[in-house]
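Chemist: The structure under discussion is supplied below as structure tokens; questions concerning it will follow.
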Amino acid sequence: MYNIWNNILASIEQKVTSDKFALYFKDTSLLSNESGHIIIGVKNAFFKKQLSSKFYGIIEEAIKNNGINPIDISFEIQTDIKNKVRPREVIASTPTLVKDIKKSTRLSNTSHNLKPDYTLENFIVGSNNDLAVAAAKSIIDAPGKRFNPFFLYGGSGLGKTHLIQAIGNALLKNKPELKILYIPTSDFYNDFIVSVRTGKGDEFHKKFQKLDCLILDDFQTIIGKEKSQDEFFSIFNNLYQLNKQIIVASDRLPNQIETLDPRLASRLAQGGAYDLQLPKFEDRCAILRAKADLAGAEIEDKAIEYIAENVNTNIRELEGELSKILLMSEVRGITPLELINSGSTSISKPSHYHTVTSKQIIDKVSKYYNITSKELCSKSRVFNIKNARQVAMYLLTTELSLSTTNAANEVGLKDHTTAMHAIKKINSDIKLDFTLREQIEEIKGQLYAA
């Protein structure tokens, strides 16, 4: 079946982009092909949903092209899929759990400062981070090539540290001889200052020159530190000219870091800036289900959906609420859903979600873009008015769950397909356009302000 599936994958690879193929199909397997009943192995619930909803037709066509007439195609979460992590590794957050990992592996060497439990296998992929993960996989396959430097940005608790260390761990797994260093920017700065005071500046510089991959975290803390910026710029240039991989994570884009040297800001963004966004409802459900499954915990789908609907801040808090509910339900001897229905959890839906109206969204968007509500709801094709109209329709569907038809009607459009295209465009643009995302978040903040 291995050869059959390889041939099918080769057909699929011709139909999708390289990034999508690497993200969605690389770790799949053919589990069964009996009398036309196809069962495909996937890593977790997210991939199961994505492959069945987005790529079913492509998979079916590829199977037919390889001489198989599928009666049905199903997807099964495969617990023994290659590189699958044990539940204990996924939830490891204390030194005692980390010690349980086999000491014989190369990752037990702490000279690189990487945490061995930060891997791609236990990093949950969703629409909020799929582009960044695809880039990360490309780096692992060919470090120092296409995505160099790799600049990752996003808010707190979205998994930046996990992802950049996962890249380092994967590189070491492929080539244990690589010299890799993960270091927070504050430590980089402190070590640099000590080296200057002790007259060991050359040693400090040479230590970084020897690296095959430098991973720098929390880069926003370099604000105002001119000497350390100069030193990093020098190290950056040396590594880059030698095609060594450079990975930088920050809570904001380079050009948004105050007092950062414009030369350095430009160089950091030249390989592309990729971000981690807040997970959407479907992503939150997938994260919760995967975390529960990997921890071996029983939890009902309705309980998962309740948590996902009411915790929409970041992944860290989402996982925290899941852990509390699982613990409380175990202590009380009831199911998570019974616990939620009893009203004994700390989760409560913010009341402001019930107060926002269509008119308020249209008014706030109009005011934000300095146009009138009448202009927004007109048929004008002037760019700023058209853009505001698209943002309004996006918010009408995401914040009020309006259908595209109703969203179109609210802004004076008769054709709901216009709304569909507008919402699709905003959903696409928001992934790469940090400014647009900030604008939408500001409008939402104004909508829900007390």
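Chemist: Name the trypsin sites (Lys or Arg not before Pro) in the stretch 294-387 that are in a loop by DSSP and that have at most 14 other C-beta atoms within 10 Å, would you?
Modeler: Answer by residue number: K379, R381.
Chemist: So what is the accessible area of the chain per residue, in Å², with the probe set to 1.4 Å?
Modeler: Spelled out: the 1.4 Å probe surface of the chain, per residue, equals 50 Å².
Chemist: May I ask you to give the percent of accessible area on the chain that is carbon plus sulfur, with a probe radius of 1.4 Å?
Modeler: Answer for the chain: carbon and sulfur cover 50 percent of the accessible area.
Chemist: Here's another thing I want to ask about it. Here are some values of percent of Cα pairs over 39 Å apart: (1) 18; (2) 31; (3) 26. Which one was computed from this structure?
Modeler: The value matching this structure is (2).
Chemist: Could you list, in their original order, any pairs among K145/K324; K26/K324; K20/K173; K48/K379; K244/K425; K15/K48 whose Cα atoms are separated by more than 31 Å?
Modeler: Those over the limit are K145/K324; K26/K324; K48/K379; K244/K425.
Chemist: Still on this structure, please answer the following. Over the stretch 138-197, what number does the Rg to Rh ratio reach, with both radii from the alpha-carbon atoms and Rh per Kirkwood?
Modeler: Taking Rh as the inverse mean 1/r over Cα pairs, Rg/Rh reads 1.03.
Chemist: Continuing with the same structure: What are the GluC sites (Glu not before Pro) within the stretch 202-246 that DSSP puts in a loop, where the Cβ has at most 11 other Cβ atoms within 10 Å?
Modeler: none
Chemist: Quick check: Cα centre of the stretch 256-323 to Cα centre of the stretch 1-36, how many Å?
Modeler: Using only Cα atoms to place each centre, the spacing works out to 28 Å.
Chemist: While we're here: When DSSP assigns beta bridges and you keep just the ones with both residues in the chain, what percent turn out antiparallel, to the nearest 5?
Modeler: Among the beta bridges of the chain, antiparallel pairing accounts for roughly 20 percent.
The values are calculated or read from the model by the stated rules, or taken from the named source; none is laboratory data. Predicted, not measured: the structure shown is a model, and the values here were computed from it. Glycine gets a Cβ as well: all are built from the backbone with ideal geometry, and neighbour counts include every protein chain shown. Just so you know, the surface numbers come from the protein's heavy atoms only, side chains and all, with ligands and any DNA or RNA stripped out. Shrake-Rupley method; radii C 1.70, N 1.55, O 1.52, S 1.80 Å.
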